[in-house]
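Note sheet for the following structure.
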Amino acid sequence: MKRMRARALAVLLLSGLLLAAARASAAGDVPEGWSQATTDHFVFRYDPMARSRVAPIVDIAEREILRIMDALGLKSMEPIEVRFARNIHEMARMKPGDPPPSWATGMAMREGRLILVSLTATDDAHPTDTVGLFAHEVVHIAEWDASGGNPTPIWFREGLAIHLSGEFSTERGKVLLGAAIRNRLLPLSSLSSHYPGDGRKVNLAYAQSADLVGFLEDAYGPGYLSAVLWRVRHGDEFEPALESLAGRSLHQIQAEWLGRLDVWYRWVPSLTGGGTLWALVALMLVAVYVRRRKHARMLYQRWEKEEQARKKQMEEIIWEHWDPNTIPKPSDDRTSVIHEGSTHTLH
């Protein structure tokens, strides 16, 4: 009898331990003994053995998030937890809820303000681009904040993350080139709510999304993307906001983008071949980057000139109508407040 009671107690204890372990796994707990580093916007958690991989990211984290916030028009962001897993299997165990896709090496839980990054690729052998992955996932959470959590299509979210993290590579250019040549580009409508499950199509989906978002900024100015998100944050649906600010329909925007692809990706293969083709792709990417920088610089210079002209005009108007007898006498009863960087007097 005592032996049966002891067995029953052991079974109950074991069941309790298994249940606790299952709950811990479901909660996505970080393993015991891991290190932690904290900055203004981040809490980093990682295996002490991986410190050399994580330290460079901790060093640049604040600079990166401020750059991303500026690009999206954000003045502040709440802290974000970042967990660096040693491989994708550990990353899956540390993720709360459902496991990530089998091909994912990084992901962001936007509402939970949690970023997961694997230090090795899917084969557990090659290290991942942790800096690029980190910036990519930060953009996802920043986009969530900039849009107020309101829905945006996945092609915009992923394209924006690649665009602002600088991940668009020659390899993605090759994928996009091959699909354009064979007329196998994915319909934009199919990339609004989800990405394909097939690995090759996923790569193409990322490449298309990044190139289209880059085209939007190139065509409509560096403040266009943040303006779209501002509209969405304040209640507009994504597509009407995109169209209103561009002055054309999404169908027209897509046609213009495809027209640019025709110029770059259709006549080049007919004139070249082999390695020369990929060399031209690399040169094309450099040319696009230089052109975007030049466009942004010219736009900023124009804005500066317009601002200086406006200030000069206002000064002329003030001096023309200035009368020293109209200067109000100071009052000890006035109360001043500062709101959004400006001083206002309450009466």
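Filter the range 80-90 for residues that are within 21 Å of residue 167 (Cα to Cα) and modelled with pLDDT under 95 and give the result. The answer is 85, 87, 88.
Quick check on the range 176-197. Is at least one of its residues in contact with a helix residue (DSSP H, G or I) (Cβ under 6 Å, 6 or more places away or on another chain), among the charged types (D, E, K, R) and at pLDDT 85 or above? No, because not a single residue in the range 176-197 is in contact with a helix residue (DSSP H, G or I) (Cβ under 6 Å, 6 or more places away or on another chain), among the charged types (D, E, K, R) and at pLDDT 85 or above.
When residues of the range 83-104 are filtered for being within 20 Å of residue 34 (Cα to Cα) and of a type in the set (S, T, N, Q), how many remain?
Count: 1.
Residues in the range 91-112 that are closer than 27 Å to residue 40 by Cβ and buried (at least 17 other Cβ atoms within 10 Å of the Cβ): 91, 94, 95, 105, 106, 107, 108, 109, 110. Scanning the range 239-252 for residues that are hydroxyl-bearing (Ser, Thr, Tyr) and free of Cβ contacts under 8 Å to residues at least 12 places away in the same chain turns up just one, 249. Within the range 64-98, the set of residues being charged (D, E, K, R) and within 22 Å of residue 110 (Cβ to Cβ) comprises 64, 67, 70, 75, 78, 81, 83, 90, 93, 95, 98. Checked against the criteria, residue 218 counts as farther than 27 Å from residue 104 by Cα and in contact with a Lys or Arg (Cβ under 7 Å, 6 or more places away or on another chain).
The residues listed here are 77, 109; of these, the one that is aliphatic (A, V, I, L, M) and modelled with pLDDT under 95 is 109. Counting only residues that are in contact with a helix residue (DSSP H, G or I) (Cβ under 8 Å, 6 or more places away or on another chain) and among the aliphatic types (A, V, I, L, M), the range 57-115 holds 17 of them.
With respect to residue 102, is the statement that it is outside the structural domain of residue 162 (by TED's automatic domain parsing), closer than 25 Å to residue 223 by Cα and among the hydroxyl-bearing types (Ser, Thr, Tyr) true?
No, not satisfied.
The values are calculated or read from the model by the stated rules, or taken from the named source; none is laboratory data. Not measured: the values here are computed from a predicted model. Counting neighbours? That spans all protein chains shown, and the Cβs are built from the backbone with ideal geometry, glycine included.
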